[in-house]
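Following: one structure in structure tokens, then a few remarks.
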Amino acid sequence: MSEPSESSVRADVSGWLESNWDPDLGLNEWRNKLVDSGWGMPEWPTDWFGRDFSASLVRAVEQEFAKQGAIGVARGGIRLLAAATLLEHGSTAHKEQFLRRILTGEDNWCQLFSEPGSGSDLAGATTRADLDGDQWVVNGQKLWTTSAHHANWGLLLARTDWDAPKHEGLSYFVIDMRQPGVDVQPLAQMNGHASFNQVFFDDAVVERGHLIGEIGKGWQVAMTTLAHERRRADGLRSGYSDVGADIERVGRIYDEEQVETATVMEPYTWYPQRAGRVDLALSRALDSGRIEDPTVRQELAKLLILSSSAEWTARRARAAQQMGKPQGPEGSLGKLAASHVARAAARVHTLISGADAMLAGSDGAEDGIVAEILLSVPAVSIAGGTDEIQRNIIAERVLQMPKETRFDKGPFRDVPKNVSTRLAGENE
């Protein structure tokens, strides 16, 4: 069945908004109406709150929303990573239970992957899940978990078989973060924020029905989550942020959205600085007169070229994703490019500001934003898989180079680990 034309889609969504959009509605009431319409996530399947639209039609829908100042579905945080994973690997029961509340924003999510001894080596996870009757009992620790203190649900990768090789003994779960046995502790960052948490599990439970995929197949499910995360890390901008900018945002729904942003989205306020703030570089160079310095001008030109190249690569990957093509290594290309862009941006901001780049707060360049950039940029090379991991993926899957020699084969029980014997099951 062929897709409708862009003009007809624009007319349909514009007409629907004129009949339904009301800034005095409650945020939850509006989003439930939006979810039912299929306009909130038009790229999703028609069976699950979408319209099966291609990337070009999705952009048309988003532009019509922007023209009217209409608020969309909840997209922030880990929500859409959870949704993408459930759409691909979840059962009908999982989709019925979780997808609507993800889009309405009623449920918040976190991603429980990294551990103190297994960050880049994610397959070395030692948080364990043991089947006890009709539930799994979880013990262990996760680290660098963004928004765990706000989360209702977590995407959990845990060890269920200690005798299988490391990649084959993992299973993937949805875990209730508000239950006894889950202890969330915030971590202070050097940039002054506290977005991350460490999470301890002490006989926490997971319903047997909240296993995603098959037992021992969690690695494959986790790769889906990470592929979507890496695609999101490409820093791609919408390209129409100025559409609807002159609309007065007054009404109950905007007030409630502001409250949501101030709470649920607070851990992400420093993410633009983590990406390097390329958008500030040219104006700062012009306003300060540093554009006349040939070194600054050359590095600025390099940055803008690199940023534009990365953006177009990301657009190609995003279009492939929205057309339903399987996840591939392009997410790693985009994430690695984002790391290079962020570091190049930090260098340019430093060249423009000089020693003032080290000053925080009102004493520093751009009221301390430049100092926050310098402190935050290293995170983009770590989160979602380090640059070294991305290079390995690109080498193996794009360049078809041989895989690295591994020394951690055989039963995971026998692989050396930097964890306690109780968690690793060494004494079983």
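The values are calculated or read from the model by the stated rules, or taken from the named source; none is laboratory data. Remember, it's a predicted structure, so these values are computed and weren't measured experimentally. With ideal geometry, Cβ positions are generated from the backbone for all residues, glycine too; neighbour counts draw on all protein chains shown.
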Within the stretch 179-195, can one find any residue that is surrounded by 21 or more Cβ atoms within 10 Å (Cβ to Cβ), farther than 30 Å from THR313 by Cβ and in contact (Cβ under 8 Å) with a residue 60 or more places away in the chain? no
Taking the stretch 268-281 and keeping residues in a helix (DSSP H, G or I) and either surrounded by 15 or more Cβ atoms within 10 Å (Cβ to Cβ) or hydroxyl-bearing (Ser, Thr, Tyr) (or both) leaves TYR268, TYR271, PRO272, GLN273, ARG274, VAL278, LEU280, ALA281
Taking the stretch 60-105 and the residues there that are acidic (Asp, Glu) and out of contact with any Gly (no Cβ under 8 Å at 6 or more places or on another chain), the one that is surrounded by the fewest Cβ atoms within 10 Å (Cβ to Cβ) would be GLU96
Scanning the stretch 50-95 residue by residue, those assigned to a loop (DSSP other than H, G, I, E, B) and of a type in the set (S, T, N, Q) turn out to be SER54, SER91
- Message: Can you find a residue that is over 17 Å from the mean Cα position of the chain (by Cα) and among the hydrophobic types (A, V, I, L, M, F, W, C) anywhere in the stretch 117-125?
- Response: yes
Only one of GLN185, GLN198 is touching a Lys or Arg at 6+ places or on another chain (Cβ under 9 Å), outside any helix (DSSP H, G or I) and either at pLDDT 95 or above or within 26 Å of PRO378 (Cα to Cα) (or both), namely GLN198
Residue hits (the stretch 138-166; touching a strand residue (DSSP E or B) at 6+ places or on another chain (Cβ under 6 Å) and in a loop (DSSP other than H, G, I, E, B)) are LEU143, THR145, SER147, ALA148, HIS149, ALA151, THR160
Note on VAL221: of the conditions (1) part of a helix (DSSP H, G or I); (2) of a type outside the set (S, T, N, Q); (3) farther than 17 Å from ALA344 by Cβ; (4) at pLDDT below 85, unmet is (4)
Listed by first then second residue, the pairs whose first member lies in the stretch 373-393 and is under 21 Å from THR224 (Cβ atoms), whose partner is among the hydroxyl-bearing types (Ser, Thr, Tyr) and not in a helix (DSSP H, G or I), with beta carbons under 6 Å and at least 6 positions apart or on separate chains, are THR386/SER120; ILE389/SER120
Of the residues in the stretch 28-59, those that are crowded, with 20+ Cβ neighbours inside 10 Å and under 22 Å from GLU248 (Cα atoms) number 4
